[in-house]
1. Once both axes come from the Cα atoms, what is the angle between helix 129-156 and the longest principal axis of the chain, in degrees from 0 to 90, rounded to 10?
2. For helix 38-60, what angle does its Cα long axis make with the longest principal axis of the chain, in degrees from 0 to 90 and rounded to 10?
3. How large is the accessible surface of residue 33 in square angstrom, using a 1.4 angstrom probe and rounding to the nearest 10?
4. Round to the nearest 10 and report in Å² the accessible area of residue 55, as given by a 1.4 Å probe over the protein chains' heavy atoms.
5. Counting only protein heavy atoms, what percent of the accessible surface of the range 19-120 is carbon or sulfur at a 1.4 Å probe?
6. Work out the P(r) tail for the range 138-190: percent of alpha carbon pairs separated by more than 15 Å, whole number.
7. Work out the count of Lys pairs in the chain where the Cα-Cα distance is under 20 Å, with the pair 8 or more places apart or on different chains.
8. Using the eigenvalues of the Cα gyration tensor, what equivalent ellipsoid semi-axes result for the range 105-184 when each is taken as the square root of five times the eigenvalue, whole Å, largest first?
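The values are calculated or read from the model by the stated rules, or taken from the named source; none is laboratory data. From a predicted model like this one, the values you see are computed outputs, not experimental measurements. Side chains are part of the model used for accessible areas, which takes the heavy atoms of the whole protein and leaves out ligands, DNA and RNA. Shrake-Rupley method; radii C 1.70, N 1.55, O 1.52, S 1.80 Å.
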Amino acid sequence: MSEPKPAPKTDPKAAGAGLLVDLGPLLIFLGVYWLADVIYATAAFMLATAAALVWSRVKFGKISPLLLFSGVMVMVFGGLTIFLHDKSFIQIKPTVYYAVVAGLLFYGVRTRKPTLKLVMEHAYPNLRETGWHLLTRNFAWFFVGMAIMNEVVRHAADFNFWLGYKLWGALPATFLFGLANVPMILRHSDEDETEVP
């Protein structure tokens, strides 16, 4: 009877940078929104995102493509929100983000070149190509679902409810979906850096 495989290796530095960029600016946005209004909160969100990206560059020597893309999206849609005084732009930003990422992931699935590996290989260095293909496919469909859910909540509820959904719905859903994929990752991972034939 073979021994169970160890948990896949992850890079805590990369995970921390991702959490910093995703959760930190959002919490700052919520704090400023409760103290002032959506325009000031959006400006604070943009500044916090820029600071998080600079910190990631200084601390780790690079900014991952996914984090950079997220930062650019914040700047574009945040800028539109402030310039046009229309909070719907900051609400649309997650939908566009999820849709674009899903499209890139589906392209990777279609071409058998898992695009998720380009930004997450450091987190799962022992994952075999089959595992990357399955993980890319799974997250592609997940992001489609997240885009749809963001639009449903945005149209069906008020801005305060949407903010609550972002913090207590979307973020935990992403975390839980990642956990749900761990058994599959374990099945398709090698115990060391060399792939077992």
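1. Rounded to the nearest ten degrees, it is 20.
2. Here the helix axis deviates by roughly 30 degrees.
3. Residue 33 exposes around 40 Å² with every protein chain in place.
4. Probe radius 1.4 Å; accessible area of residue 55 about 110 Å².
5. 72
6. Considering the range 138-190, 54 percent of its Cα-Cα pairs are separated by more than 15 Å.
7. Value for the chain: 7.
8. Semi-axes (√(5λ), whole Å): 29, 14, 9.
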